[in-house]
1. Residue check: is B:VAL165 touching a strand residue (DSSP E or B) at 6+ places or on another chain (Cβ under 9 Å), open to solvent by less than 10 Å² (accessible area, probe 1.4 Å), over 19 Å from B:ALA73 (Cβ atoms) and part of a helix (DSSP H, G or I)?
2. Kindly list the number of the only condition in (1) over 16 Å from the mean Cα position of the chain (by Cα); (2) at pLDDT 90 or above that fails for A:PHE82.
3. Quick test for you: out of A:ALA115, A:ALA164, pick the one residue that is within 13 Å of chain B (Cβ to nearest Cβ), of a type outside the set (Asp, Glu) and surrounded by 20 or more Cβ atoms within 10 Å (Cβ to Cβ).
4. Does at least one position in the stretch A:42-49 carry a residue that is over 14 Å from A:VAL206 (Cβ atoms) and of a type in the set (Gly, Ala, Ser)?
5. Of everything in the stretch B:68-88 that's surrounded by fewer than 16 Cβ atoms within 10 Å (Cβ to Cβ) and modelled with pLDDT of 95 or more, which residue is nearest to B:GLY187 (Cα to Cα)?
6. Residues that are in contact with a Ser or Thr (Cβ under 6 Å, 6 or more places away or on another chain) and over 29 Å from B:PRO172 (Cα atoms): does the stretch B:90-108 have at least one?
7. Looking at B:GLY225, B:GLY230, B:GLY207, which is the one that is more than 14 Å from chain A (Cβ to nearest Cβ), under 23 Å from B:SER45 (Cβ atoms) and free of Cβ contacts under 8 Å to residues at least 12 places away in the same chain?
8. Got a sec? Which helices (runs of 4 or more DSSP H) wholly within the stretch A:63-174 have at least 1 residues that are more than 23 Å from B:THR167 (Cα to Cα)?
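The values are calculated or read from the model by the stated rules, or taken from the named source; none is laboratory data. Predicted model only: the values in this text are computed from it and were never measured. Virtual Cβ from ideal backbone geometry, glycine too; neighbours counted across all protein chains shown. Side chains are part of the model used for accessible areas, which takes the heavy atoms of the whole protein and leaves out ligands, DNA and RNA. Shrake-Rupley method; radii C 1.70, N 1.55, O 1.52, S 1.80 Å.
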Amino acid sequence: MTLVIQDLSKEFPVPNQVPILALSTISLTVGEEEFVSILGPSGCGKTTLLRIIAGLDSATSGSITLDGETIDRRSSQMAMIFQEYSLYPWRTVIDNVTFGLEMQNTGKKPARDIAMKYLNLVGLAEFADRFPYELSGGMRQRVAVARAMAIEPKILLMDEPFGALDAQTRNMLQKELLEIWEKTKKTVLFVTHSVDEAVYLSDRIVVLTPRPGCIREIVENPLARPRDRTSPEFARIRRHVLDLINESSQPKEDLIVHPPSL
Amino acid sequence: MRSPRILLLPVLLIVGWEVAAYFIDNPFVLPSLSTVIPILIHPFSTEYTLGTGSLVENAAASLFRVASGFLLAAIIAIPLGIGMGRSRFLHDFLDSTIELLRPIPPLAWVPLALAWFKIGFVSIVFIIFIGAFFPILLNTIDGVKSVKKTWVEVAETLGARETDVLTKVILPGSAPTVWTGLRVGFGIAWMCVVAAEWMPGISLGLGYLILYAYNFGQTNLIIAGMVVIGVIGILIDQVFRAGERRWFSWRSLER
C-alpha cells in the first residue's frame, strides 16, 4: 500500500479577485502501516488536504494515487473520521458501525459480527444497542473509529478527531488509538493542530506553513511506543516541531500546546 | 399536580356558559348544555341531526375527504421538497412561484375549484390539497437542508451511492421535520374541510352539518358539530405527536 501525493495545489476562487492559494506544491509519500500526522495552525489548509485525499474536494493541480490508481471517494479504500460528531443519531451504535457494510451489501449477520468485533476493539460492545445521544463525546468518537475500521480501509483519515474533547479524554483516546493501530496496522493520516498530539502519536510529522500551506519539514519521530510525554527525547522533538511552526507562522494563538500530562 | 390547573379554565367556561344560557334564555343565541350533550352521546342516531346523516356519518365523510386531499398533498409535496432541498436549480426554478401562491388562503381557491372541477368531491379534495400542500413542502425543504453535510460525506466515504445517500441519510435525517410538516399540514387541511363543505351541492360532512343546523336555527346542533370538529382535530394532532415521540425522539435528545 502506497499513497503518493505529487505537486498538489489547491486554489479557492474569490469573485473579482485573485484566487486564494490554500495549498501549494505538496508532495508526500505514505507507506504501509505508517502513522503520519499533518500539523499546522488553523487556516493552513491541512483539513483541505485531507479532504482532497479522501476525494471529498478536488485539487487544482497535482495528483494523488493509491497503489497507482486515482482516488474515488466511494472506493472504500479510505475511511474518514471527522472532527464534529458524525454518527447518525437515528441509528443505534451497532447500526452506525454496520453502515459502511450495508453499502457494500454485506449480509446482515456477517455485518453484525464484523461490527461487534470493532466495537469490542474500541471497548464499546456493551453499548451496541444504545443511541448516540446516550453516549459521551469520547464514546461517540470511538464509535466513529469503529465505523470507519469496519469497512477495512487501507488508510484511515482522521481530521482532528479529538479536537472537541476535554484534555483527559483526549489523552486517553490517543493512547487507545495507538493500541488499535498496533493491533490492526492500518495506515493512519492524522490532521491536528496540537504539537503534543502529533509527537505522541506519529512516526512522521508533516509540518505545514500557513497561507499557502506548504510542507515546511517532515519530522521523523523514532521514539519507541508507548511514549513518555515527560521524557527529554519527547521534549526535544516537541521543541524542534514547535520551532518550525513558530518561525513560519505569525498567528501563534492558533497553536495549542498541551502541557505534558503527569 | 398539573391536571387540576389545566382543567380549571374549561370547567369555569362550562359553568359560565350554563349561567349565561340561563339568563339569556334564548336557545338560538346560546343553548343550554343539556340540549347539546344528548346530541353528542348519540353519535350514531339521525334523530338528533334533523334528518341528515348522523354525527358519525358526517364525521366519516369529512375525514375521508381530508385524508384524500392530505395524502395527495403529501405524495406530491414530499418528493418535490426533497428535490428542491437537494437541487439549487430546482429550488431557484420553483421558489418564486411557490412564494407567490403560498399566501393565497385555501378558501380563495373555492370559486376556481368550482369552475375547474364542478361541484362535488374533487373540488373539496382540491381545497384540502391546497391547505396541506405548502406546510408539507416547506418543512420538507427545511428538513432536507438541515441534514448535516458531514452525514452525507461520511456516507460517501463509506461507499454510499446517490440512492443510498438519499434513502439512508437524507430521508431519515429529514424525517422529523417532514413529520412536523405533515402534522401542521393535516391541521390546516382539517380546518379547510369545514369551509370546503359549505360549497353548494354538498349533503354530508361536519361543515355541511353545522351550516344545515344554522338554516334550521338549531344552535345546539351547531355547537355539537363544532365540538366534534375540535375533538377530532385534537385526537389526530395527538396521534402525530405520539409518532414524533416514538420515532423521532433522537432529534430533541441529540446535543
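1. Values: touching a strand residue (DSSP E or B) at 6+ places or on another chain (Cβ under 9 Å): no; open to solvent by less than 10 Å² (accessible area, probe 1.4 Å): yes; over 19 Å from B:ALA73 (Cβ atoms): yes; part of a helix (DSSP H, G or I): yes.
In short, no.
2. (1)
3. Working: A:ALA164 fails: surrounded by 20 or more Cβ atoms within 10 Å (Cβ to Cβ).
The unique qualifying residue is A:ALA115.
4. The answer is yes, given that some residue of the stretch A:42-49 is over 14 Å from A:VAL206 (Cβ atoms) and of a type in the set (Gly, Ala, Ser).
5. Among residues in the stretch B:68-88 that are surrounded by fewer than 16 Cβ atoms within 10 Å (Cβ to Cβ) and modelled with pLDDT of 95 or more, the one nearest to B:GLY187 (Cα to Cα) is B:LEU71.
6. Filtering the stretch B:90-108 down to residues in contact with a Ser or Thr (Cβ under 6 Å, 6 or more places away or on another chain) leaves none.
So far as the stretch B:90-108 goes, no, none of its residues is in contact with a Ser or Thr (Cβ under 6 Å, 6 or more places away or on another chain) and over 29 Å from B:PRO172 (Cα atoms).
7. B:GLY230
8. Filter on the stretch A:63-174 gives A:108-121, A:137-150.
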